[in-house]
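These notes are about the structure you will find just below.
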Amino acid sequence: MTVVREQFLEMIDVLASAERTCREVPRLTEQHPALTIQDAYAMQSQWIQQKIQQGARRLGVKLGLTSQAKQQMMGIHEAIYGYLVSDMLALEWEPVSRSTLIHPKIEPEIAFMMKEDLAGASVTAEDVIRATSYVAPALEIIDSRYQDFKFTHVDVVADNCSSARFLIGSTWIEPSTVDLKSIGMVMSKNGAVATTGAGAAVLGDPAEAVAWCVRKLAQQNEGLKKGDIVLSGALSEAIPLNAGDTIQASFGILGTVSCHCGE
Ligand code: OOG
Ligand code: MG
């Protein structure tokens, strides 16, 4: 049985209310096994439109499952993308409130700031570098709305790829001046090393990952916009985030970014 578009609204309501009330919900595919990946991207886009109508602003795009570590961790072997909106932006000097989240995890990423629109089915990593004003260190807090943080490919796409919050560090570098592949990363939690990674973990090159995303967006007649922030995907696995934790990710020449989690 195919899923009709009217049912999307009900499913979006389930996810939106899980987010609002900080309660996990069953995976959508349990009740709707016929949902396709196209349905999931359509639903994601409808959910974001709803957030924008309710006053949020589009801030950019995020990639997910771009590293082998993350694909293995989640058992999904393809990259995914979702959208970033203004109520997801968190600041380094303000604690992130644990009680506004369900079961958050945090992961290190490289952010791209776009200086021009970029769209098209044949965009390359070189095009991405040319269209980027700066790269910066970032942390993403993911918070799947699903029970036990477990999902299928279709479920996670519909859930806007588990997006919850993100923070951008203050070292901004022109991308042509760094080799993003060879950037090393160490993420620590409360002073102890938690994970390590490298730029090359992100589909071989974070710029390549962003190019993949632009080509994928082209299938929906979408693209990146001037001013967009793009999170290119985690460089390592994500770690649980609890009240009282201080997380710092250091990216060598790309600087550091930190996050404190409050009650
Ligand atoms: C999906 C989102 C993954 C990343 O950077 O790989 C992601 C998830 O693991 O919940 O944001
Ligand atoms: Mg991520």
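The values are calculated or read from the model by the stated rules, or taken from the named source; none is laboratory data. Everything numeric in this text was worked out from a predicted model, so none of it was measured. Virtual Cβ from ideal backbone geometry, glycine too; neighbours counted across all protein chains shown.
Checking the condition more than 30 Å from Gly252 (Cβ to Cβ), in contact with a His (Cβ under 8 Å, 6 or more places away or on another chain) and β-branched (Val, Ile, Thr), which residue from Val96, Val3 passes? If you could, list the steps in order and put the result at the bottom.
Numbers: Val96 fails: more than 30 Å from Gly252 (Cβ to Cβ).
None of the others qualify; the one that does is Val3.
Does at least one position in segment 146-153 carry a residue that is polar (S, T, N, Q) and within 16 Å of ligand 1 (Cβ to nearest atom)? Steps first, answer last, please.
Our first condition is that a residue be polar (S, T, N, Q); within segment 146-153, this holds for 147, 152.
In the following step, the residues that additionally are within 16 Å of ligand 1 (Cβ to nearest atom) were identified as 147, 152.
Yes, segment 146-153 contains at least one residue that is polar (S, T, N, Q) and within 16 Å of ligand 1 (Cβ to nearest atom).
Return yes or no: is Ala138 within 16 Å of ligand 1 (Cβ to nearest atom), at pLDDT 95 or above and of a type outside the set (S, T, N, Q)? Talk me through it step by step, then tell me what you get.
On the way: within 16 Å of ligand 1 (Cβ to nearest atom): yes; at pLDDT 95 or above: yes; of a type outside the set (S, T, N, Q): yes.
Yes; evaluated as a whole, the condition is true for this residue.
Residues checked against (1) aliphatic (A, V, I, L, M); (2) away from ligand 1 (no atom under 16 Å from the Cβ); (3) modelled with pLDDT of 95 or more; (4) surrounded by fewer than 24 Cβ atoms within 10 Å (Cβ to Cβ):
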| residue | (1), (2), (3), (4) |
| --- | --- |
| Lys105 | no, no, yes, yes |
| Lys115 | no, yes, yes, yes |
| Ala121 | yes, yes, yes, yes |
| Ile129 | yes, yes, yes, yes |
| Tyr134 | no, yes, yes, yes |
| Ser144 | no, no, yes, no |
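Please specify each residue of segment 11-65 satisfying the condition of being of a type in the set (Ser, Thr, Tyr) and touching a residue at least 24 places away in the same chain (Cβ under 8 Å). Can you show your working first?
Step one: filter segment 11-65 for residues of a type in the set (Ser, Thr, Tyr), giving 17, 21, 29, 36, 41, 45.
If the condition is that a residue be of a type in the set (Ser, Thr, Tyr) and touching a residue at least 24 places away in the same chain (Cβ under 8 Å), then Thr29, Thr36, Tyr41, Ser45 are the ones that fit.
So which residues in segment 71-81 are within 12 Å of ligand 2 (Cβ to nearest atom) and either of a type in the set (Val, Ile, Thr) or surrounded by 24 or more Cβ atoms within 10 Å (Cβ to Cβ) (or both)?
Of everything in segment 71-81, those that are within 12 Å of ligand 2 (Cβ to nearest atom) and either of a type in the set (Val, Ile, Thr) or surrounded by 24 or more Cβ atoms within 10 Å (Cβ to Cβ) (or both) turn out to be Ile80, Tyr81.
Could you check, for segment 123-137, whether at least one of its residues is of a type in the set (A, V, I, L, M), touching a helix residue (DSSP H, G or I) at 6+ places or on another chain (Cβ under 9 Å), within 16 Å of ligand 2 (Cβ to nearest atom) and closer than 22 Å to Ser45 by Cβ?
no
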